[in-house]
Amino acid sequence: MKFLRKLFTVLLIIIIFGGAALFIVYYFKNIEKKELTYELRKNTNGSYVELSKGFTHYELDGPDSGKLVVMLHGFSVPYYNWNGTFEYLASHGFKVLRYDMYGRGLSDRPDVTYDKQLYFEQLNELVDQLHLKKPFSLVGVSFGGALATDYTAAYPANVNKVLLIDPAYVTGQPKLPRIAADYLEALDPEKRALSQMEDFKYPDKHPNWAEQYRPQMEYKGFRHALISTDYDYLANYNSKESYTSLNNQHKPILLIWGKEDKTVPFTYSDSVRKLVKTDFLPVDDAAHLPHLEQPDVVNPALVTFLKK
């Protein structure tokens, strides 16, 4: 019995000190120290509107008479992902809306579950608050493509056309327990920032991409938004069901895919095209973000499709 008591005591000490060590490392490695405030936002580009779950950062441009196009960014890069394409569409006569999803960029990071209903709610409230006309066309890249397919299936009357750029195609569940994923994300935030460069075939042509990404990581709730999206949305996202549901709406669809994409490999374009009747534009010499690497190819194609 004495041996077992000593063993238990030793194990308890190890657990306590081990837990304390993990907490200390977590505390000092965690870069989420800042709060998003009015003072910070008043000197930034774009506009803000308060919705039910907090403030949303957005930009709206183009003629009031233009057809509405709503742009959905990817998993973690906020609305600057659409730089160039946003301005191009507006200059060609469209009313264009882009915004930071909750948890990203300069939008609030509510302490809620980041499931598809949250993203549906944000988009619906934003369009209503800005008194924009429906139906509108949706342009989604990567995760934004998954959101566009789900949203269109849920609210078909709101959507006119769907344009997908290298859309997410989920094939499995997260490999780590949620708490482990959160801890590892906190330990090495730089890995997340630098990994954004992998979306390009020619990252040297976008030297400020990771630097532009880092500031949003310092605001409390960013990591929770990503982890929750991964575990509460994407883990339940069935690509086949989602694309089949989209196809059943009989909407005009344009699929664009960079042939050198390693984030969502180009071979998945075949899987999507088996499920969805769509126009298709494969883009040479581009990876996951063909609208940024080959804008002279992608942007005119978007305009042509939207004007049909």
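The values are calculated or read from the model by the stated rules, or taken from the named source; none is laboratory data. Keep in mind the model is a prediction, meaning the values are calculated, not measured. Using ideal geometry, Cβ is built from the backbone for each residue, glycine included, and neighbour counts are taken over all protein chains shown. Ligands, DNA and RNA are stripped out before the accessible areas are found, and what is left, the full protein with its side chains, is counted by its heavy atoms. Shrake-Rupley method; radii C 1.70, N 1.55, O 1.52, S 1.80 Å.
Points worth noting:
- Given [x] 51; [y] 23; [z] 29, the label whose value is percent of Cα pairs over 32 Å apart derived from this model: [z]
- If you take all other residues with their beta carbon under 11 Å from the beta carbon of L275, and give Lys and Arg +1 and Asp and Glu -1, the sum is +2.
- In the chain, the portion of solvent-accessible area held by carbon and sulfur atoms comes to 56 percent [1.4 Å probe, whole percent, DNA, RNA and ligands not counted].
- Label separation (K42 vs E121): 3.0 nm, computed from points 7 Å beyond Cα along the C-beta direction.
- Accessible area expressed per residue, the stretch 141-281, with surrounding protein chains retained (probe 1.4 Å, Å²): 47
- Dipole of the stretch 181-278 [Lys/Arg +1, Asp/Glu -1 at C-beta], most positive-end residue of L226, L246, W209: L246
- Gain in span if fully extended, R178 to N238, counting 0.36 nm per residue against the direct Cα distance: 19.6 nm
- Near L60, once Lys and Arg are set to +1 and Asp and Glu to -1 for all other residues with Cβ below 9 Å from its Cβ, the sum equals 0.
- Taking the Cα centre of the stretch 61-110 as origin and assigning +1 to Lys and Arg Cβ atoms and -1 to Asp and Glu Cβ atoms, the resulting dipole is close to 120 debye.
- Each of L187 and D284 was given a label point 7 Å from its Cα along the Cα-to-Cβ line. The distance between the two points is 4.5 nm.
- Screening the chain for whole DSSP H helices of 24 Å or more along their axis (Cα) with average Kyte-Doolittle hydropathy at least -0.5 returns 2-29.
- Inter-label distance for K133 and S65, nm, one decimal - labels placed 7 Å from Cα along Cα-to-Cβ: 1.1
- Helix-only [θ]222 nm of the chain, DSSP H runs n ≥ 4, -39500 (n - 2.57) each, per residue, nearest 500: -12000 deg cm²/dmol
- Cα gyration tensor, the stretch 177-308 - rounded (a/c under 1.5), prolate or oblate: oblate
- Order by protection proxy (mean Cβ within 10 Å, highest first), peptides 62-70, 290-298, 175-183: 290-298, 62-70, 175-183
- Only lysine pairs 8 or more places apart or on separate chains count here, and in the stretch 197-308 those with Cα atoms under 13 Å apart total 5.
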